[in-house]
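What follows is a set of notes on a single structure, which appears directly below.
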Amino acid sequence: MNEPIRFHFDVDGENFSSAGEASVTVKKRLRQLGYPPDVIRKVSVAMYEGEINMVIHAHGGEADIEVGKSEIVIILRDKGPGIANVDLAMQEGYSTARDNIRALGFGAGMGLPNMKKYTDSMHIDTEVGVGTTITMKVLL
Amino acid sequence: MKIREIKDLLQAEIVCGEDQLDREVISACCSDMMSDVLAYVKDQGVLLTGLVNAQTIRTAGMMDMVCIVFVRDKRPTDSMIELAQECGIVLMYTALRAYEASGRLYHAGLGRSTSHE
Ligand SMILES: Nc1ncnc2c1ncn2[C@@H]1O[C@H](COP(=O)(O)OP(=O)(O)OP(=O)(O)O)[C@@H](O)[C@H]1O
Ligand SMILES: [Mg+2]
């Protein structure tokens, strides 16, 4: 396996009920490829949190997964509102989600901290009014 | 604890996964907030929740949980049942509220060794 295996998904921001589908698909593919369960769980949970965030905070976006020899890279790109204060957003419990989002089971302010916890590195590139790109790596 | 015992303790009705009631469950989590569920890695878990949507099933699937108990008699839709079957997750519902359902499982010894300190 020399060339990395790539997956690309457009994440629909209009349809909440499909939120998380891309991550479920990635989990399935990684299983088929035979990766260890803990690696699969880390990648899929981190991607799932990011995918849901794109839907509830950023009107959708794109997800790219690269499965390489030594690491799996997850890139989530959106053209949403951006994150004004990344340090604050990274704090457990910080959320700008309103009651309508909470009623859907999200808005505990745990997503970004979970993404950091489940990956070996995470980088947030964001600009208010332009969008957010989050790059996460899980080492194999 | 077997899934069958959970069903009996909670007087629950099985929605799908009838053939998997002998699977072993060793941890439990009760929340309506999915990122809380995702914050703690526990194997062979059961999720007790009052949240009924597709993300409930996907969240449990992400964590490789084996069973979801819907409290307060909440029923999943057909598309949720389909998702659960794809993920191999047992679904059941109970008339009990989250507090009592959790209490019964805890009292019976489920997940007690995992400390939260
Ligand atoms: N892609 C994004 N675009 C814009 N803002 C974002 C994005 N992702 C996160 N945020 C901001 O960062 C905050 C914290 O995100 P985090 O995922 O930790 O919590 P949450 O999504 O509000 O709740 P939870 O993830 O627990 O359901 C969000 O409330 C939101 O304000
Ligand atoms: Mg989130």
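Values computed for the structure shown
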{"read-out": "Solvent accessible area, Å² - B:GLU13, 1.4 Å probe, full protein context", "value": "100"}
{"read-out": "Cα centroid separation, the stretch A:117-137 to the stretch A:60-113 (Å)", "value": "8"}
{"read-out": "Cα-based reach from B:LYS74 at 25 Å (exclusive), listing lysines while leaving out same-chain residues under 8 positions away", "value": "B:LYS2, B:LYS7, B:LYS42"}
{"read-out": "Within the stretch B:29-78: Cβ-based charge dipole about Cα centre, in debye rounded to nearest 20 (Lys, Arg +1; Asp, Glu -1)", "value": "100"}
{"read-out": "Distance between modelled label sites at B:GLU86 and B:ARG112, nm, 7 Å Cα→Cβ extension", "value": "3.9"}
{"read-out": "Pairs of Lys in chain A closer than 20 Å at Cα, counting only those 8 or more apart or on different chains", "value": "15"}
{"read-out": "Between 0 and 90°, nearest 10: helix A:37-58 axis offset from chain A longest Cα axis", "value": "30"}
{"read-out": "Solvent-accessible ranking of A:THR126, A:THR119, largest area first, probe 1.4 Å", "value": "A:THR126, A:THR119"}
{"read-out": "Integer Hz, Karplus 6.51/-1.76/1.60 couplings in order for the stretch A:69-85, x for Gly and Pro", "value": "6, 10, 7, 10, 10, 10, 10, 10, 10, 9, 10, x, x, x, 10, 5, 10"}
{"read-out": "Point-charge dipole on Cβ atoms (K/R +1, D/E -1) for the stretch B:3-107, about Cα centre, debye to 20", "value": "340"}
{"read-out": "Most to least accessible of A:SER121, B:SER31 (protein chains only, probe 1.4 Å)", "value": "A:SER121, B:SER31"}
{"read-out": "Backbone HN-Hα couplings from phi across the stretch A:102-119 [Karplus 6.51/-1.76/1.60, Hz, Gly and Pro as x]", "value": "4, 5, 8, x, 10, x, 7, x, 10, x, 4, x, 5, 4, 5, 5, 8, 10"}
{"read-out": "Relative contact order of chain B, defined on C-alpha pairs under 8 angstrom at six or more residues apart (%)", "value": "30"}
{"read-out": "Computed E for B:ARG23/A:SER18 - FRET, C-beta separation, R0 25 angstrom, nearest 0.05", "value": "0.30"}
{"read-out": "Equivalent ellipsoid dimensions for the protein assembly as shown as semi-axes, Å, which come from the Cα gyration tensor, largest first", "value": "31, 20, 17"}
{"read-out": "A:ARG29 accessible area, assembled protein chains, probe 1.4 Å, Å²", "value": "100"}
{"read-out": "Estimated D of chain A in µm² per second, where Rh is the Kirkwood radius over Cα pairs and Stokes-Einstein applies at 10 °C, 1.306 mPa s", "value": "105"}
{"read-out": "Student exercise, the stretch A:5-139 dipole from Lys, Arg, Asp, Glu Cβ charges, in Debye to nearest 20", "value": "500"}
{"read-out": "Accessible area (Å², 1.4 Å probe, nearest 10) - A:TYR118", "value": "10"}
{"read-out": "Selection from A:HIS57, A:GLY80, A:PHE9, by position along the positive dipole direction of chain A (Cβ)", "value": "A:PHE9"}
{"read-out": "Diffusion constant of the stretch B:3-107 at 37 °C, which comes from Stokes-Einstein with the Kirkwood Cα-pair radius and 0.692 mPa s, µm²/s", "value": "250"}
{"read-out": "List A:GLU127, B:GLU24, ordered by accessible area with a 1.4 Å probe, largest first", "value": "A:GLU127, B:GLU24"}
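The values are calculated or read from the model by the stated rules, or taken from the named source; none is laboratory data. Bear in mind that the values here come from a model prediction, so they are computed numbers and not experimental data. Methodologically, a virtual Cβ is constructed for each residue, glycine included, from the backbone with ideal geometry; neighbour enumeration extends over all protein chains shown. With ligands, DNA and RNA removed, areas are computed over all heavy atoms of the protein, side chains included. Shrake-Rupley method; radii C 1.70, N 1.55, O 1.52, S 1.80 Å.
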